[in-house]
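Only one structure is covered here, and it is reproduced in the block below.
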Amino acid sequence: MNAKSRHKECLEKAKLLSRDEVEHLLSRMRGKYARRLDDKKIDPLEAAARQLEYEDERLGEWRARVSELRKKSKN
C-alpha cells in the first residue's frame, strides 16, 4: 500500500473516532506532529490520522519481531 492511500485510510478511520478517542490518541502523540498541532499548522483530525499511521507502522514492526522470535524459539 502506498503512502497516500494509507494516509487516506487512516484519515477515514480518524473521522470515525469519537471525540474522547481522538483526545486519547492525541495524548500519545510526540515529536513533530505534536508541535505542528500546538502551532496550529495541522488540524486535530489530520494529527490523529498521522498518529494512527505511526502506531500502525510500529504495530506491524512489533508483530514481525515477535513472529521472528517465535520461529527462533521453535528451532
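In the set (1) in contact with a Leu (Cβ under 8 Å, 6 or more places away or on another chain); (2) modelled with pLDDT of 90 or more, the condition left unmet by Leu37 is number (2).
Of all residues in segment 53-75, those that are more than 28 Å from Leu25 (Cβ to Cβ) and either within 14 Å of the chain's Cα centre (by Cα) or among the hydroxyl-bearing types (Ser, Thr, Tyr) (or both) total 1.
Here Arg6 clears all of (1) more than 24 Å from Gly60 (Cβ to Cβ); (2) surrounded by 11 or more Cβ atoms within 10 Å (Cβ to Cβ); (3) among the charged types (D, E, K, R) except the condition numbered (1).
Scanning segment 40-72 for residues that are at pLDDT below 90 and more than 17 Å from Cys10 (Cα to Cα), which turns out surrounded by the fewest Cβ atoms within 10 Å (Cβ to Cβ)? My answer is Lys40.
The values are calculated or read from the model by the stated rules, or taken from the named source; none is laboratory data. In this text, all values refer to a predicted model and were calculated from it rather than measured experimentally. Cβ sites come from the backbone with ideal geometry, for glycine too, and all protein chains shown count toward neighbours.
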